[in-house]
Ligand SMILES: [Mg+2]
């Protein structure tokens, strides 16, 4: 009986010690948590500037390169600041583009500041300029699409009409490595970077002749208007050399090199183009008259441009187009003048772009508010 009582007392003492240890652990843990929370609150109140600076320096920072002709730049900057604050990022570095610097210089400055992402807010021209600075660096590009075509955004499924979501994708989206193309209009020139398509001939003449007032009022329909005026025309004799080897000689209206092929209205101009396959898809368009243009249109709408009516596509890493006459040239929709020479080359996986994650896609489809 005495032994049993001793044994019971021993168990009670051991159980008591265990209970005391457990309580002490949780109280200590909660006290520690409370102390940590108090520290955070103190930083938030700004009572400890050194600590606040230390906390800020460890947070991410974005640069927002905004084309002020496409949106109210100060309002977009305020929205971006609010989203960055909410997401725990530092206030963004905001730089407006100018006619002298459509984005490349601004993006280079952002790289010097060692930001974590550079967001191009504008049309395809702004995206191309920012991509020129970011290509072959490890800094990702976010996109807030504000243009007429927004072709790179369309091809990467970045939301077109939800600025807050586009900003959030830029901050927390998935990094996707894509190819970029380079193009030069003389053998010795410094190459331009493009992300979607570069072309010589009809397409570039349409871009060059599109009325900018009409474009801001009618959007892509302005291209249709210019296109209809340019349809009637004489084909040009060109030599096209693929990968320094295979050469064709043809009378064409247009030669286009593309990294991706989706246009407005779901039109797939280059149905087999893949944005990260390390290849360019080169489309040759060669109608001789209006009737043959109908065939071209049917091939485009039927997604059969690869071997269509007066259209064909060839994949390559490098292409050189030589024409006996000066023809219009466009880079991602921007006319850059005339040339009888255009060389394009692909730079595989040269650019990192922030695209929506699976979860972000679900939330966007569900109509969720991003913040
Ligand atoms: Mg490709």
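Nothing in this text is a laboratory measurement; each read-out follows from the coordinates by a stated rule. Please read these numbers as outputs of a predicted model, since none were measured by experiment. In this analysis, Cβ positions are derived from the backbone assuming ideal geometry, glycine residues included, and neighbour counts consider all displayed protein chains.
The smallest convex shape that holds all Cα atoms of the stretch 268-371, its convex hull, gives 172 Å³ per residue.
Length gained on full extension, residue 276 to residue 290: 1.5 nm, using 0.36 nm per residue less the C-alpha separation. Between residue 358 and residue 86, the FRET efficiency estimated from the beta carbon spacing at R0 = 25 angstrom works out to 0.70.
I need the semi-axes of the equivalent ellipsoid of the stretch 300-358: take the C-alpha gyration tensor, multiply each eigenvalue by 5, square-root it, list largest first in whole angstrom. Working shown, then result.
Details: eigenvalues 130, 80, 36 Å².
The answer is 25, 20, 13 Å, longest axis first.
Modelled label positions at residue 69 and residue 244, each set 7 Å beyond Cα in the direction of Cβ, lie 3.9 nm from each other.
Shown for 168, 365: other C-beta atoms within 10 Å of each C-beta, ranked fewest to most, produce the order 365, 168.
If you take the beta carbon distance between residue 307 and residue 228 as r and set R0 to 30 Å, what does 1/(1 + (r/R0)^6) give as a FRET efficiency, to the nearest 0.05? Calculated value: 0.70. Between residue 369 and residue 326, the contour length at 0.36 nm per residue exceeds the Cα-Cα span by 10.4 nm.
Please label the shape of the stretch 117-194 as rounded, prolate or oblate, based on the square roots a ≥ b ≥ c of the eigenvalues of the alpha-carbon gyration tensor (a/c under 1.5 means rounded; beyond that, a/b larger than b/c means prolate, else oblate).
Numbers: a/c = 2.48, a/b = 1.70, b/c = 1.46.
Prolate, because a/c is 1.5 or more and a/b exceeds b/c.
For the stretch 157-217, the equivalent ellipsoid derived from the alpha-carbon gyration tensor has semi-axes of 29, 22, 9 Å in decreasing order. Taking one quarter of the surface of the C-alpha convex hull of the stretch 182-350 gives a mean projected area of 9.2 nm².
As a proxy for reagent exposure, 369, 165, 89 were ordered by neighbouring Cβ count within 10 angstrom, fewest first; the result is 369, 89, 165. Take the Cβ atoms of residue 211 and residue 113, set R0 to 30 Å, and the FRET efficiency comes out at 0.20.
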